[in-house]
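One structure is given below, encoded as structure tokens.
Computed from the coordinates by the stated procedures, all read-outs in this text should not be read as laboratory data. As the structure is a prediction and not an experimental result, all values here were calculated from the model. Backbone-built Cβ (ideal geometry, glycine too); neighbour counts: all protein chains shown.
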Amino acid sequence: MNAYSAIVTKRDTRAFAPRPVPDEVLRRILQAGRMAGSSKNTQPCRFVVLRSPERRAALAACGDFAKHMPDAPLCIAVVLTPGGGAFDAGRAAQNMMVAAWAEGVTSCPTSMHHPACARETLSLPADHHVAIVLAMGYPAATGNDRPGRARLPLDGYVHWEQWDGRRE
Ligand SMILES: Cc1cc2nc3c(=O)[nH]c(=O)nc-3n(C[C@H](O)[C@H](O)[C@H](O)COP(=O)(O)O)c2cc1C
């Protein structure tokens, strides 16, 4: 799968096969996250890998829409250290999800609506926080749980030269 195909076919899925993600695949996923650029190369992200069902269930309790996390054989919490921004976390997270999908591993970014709960569950230092958790695994044999949602047409996303600009 080339980079463009991986990006445009990647959908956020919440139904996983129990098959574990092999160590060498996990390593490439984490490496893709590590290689994301960051503002002034401050490298503010850290990743907490959760494979234990108990740990995944405990962290899932910190999100309001995280019921799929205990079913995902692998979760990766993207943690921001002080000074890190959401954009840094987003770049690392998307790198990991796209690299994973290129290997057939599907994923769903999952919000931690209760940040103190997530911090405590992962025993983070007080000035660190969980930006997002990536639930990951091979797709369930039954297929995607939800069809991908529609996107606005490209014309609705792109403006030319200025906000009210139209392409000639
Ligand atoms: C920042 C962010 C937070 C999200 N949080 C959740 C979440 O807590 N639970 C969930 O099931 N999906 C979550 N999603 C997934 C979105 O619902 C998903 O990206 C959107 O529905 C589009 O899905 P599609 O790419 O499969 O069409 C989140 C996505 C993003 C980008």
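Return the ratio Rg/(2.2 N^0.38 Å) for the chain, where Rg is computed over Cα atoms only.
Numbers: Rg = 17.0 Å, N = 168, 2.2 N^0.38 = 15.4 Å.
Computed over Cα atoms of the chain, the ratio equals 1.10.
Assign unit charges at the C-beta atoms only (+1 for Lys and Arg, -1 for Asp and Glu), then state the dipole size of the range 3-143 relative to its Cα centre in Debye, rounded to the nearest 20.
Numbers: 15 positive and 10 negative charges, 40 e Å.
Result for the range 3-143 is approximately 200 debye, rounded to the nearest 20.
Rounded to the nearest 5, what % of DSSP beta bridges with both residues in the range 3-143 are antiparallel? It would help to have the intermediate numbers written out before the result.
Values: 19 of 20 bridges.
Restricted to the range 3-143, the bridges split so that about 95 percent are antiparallel.
Sort 113-124, 16-27, 93-104, 154-165 by packing, meaning the average of other beta carbons within 10 Å per residue, with the highest value first. Write down the numbers at each step before the final one.
On the way: 113-124: 15.8, 16-27: 14.1, 93-104: 20.3, 154-165: 8.5.
Taking the mean over residues of other Cβ atoms within 10 Å, the ranking is 93-104, 113-124, 16-27, 154-165.
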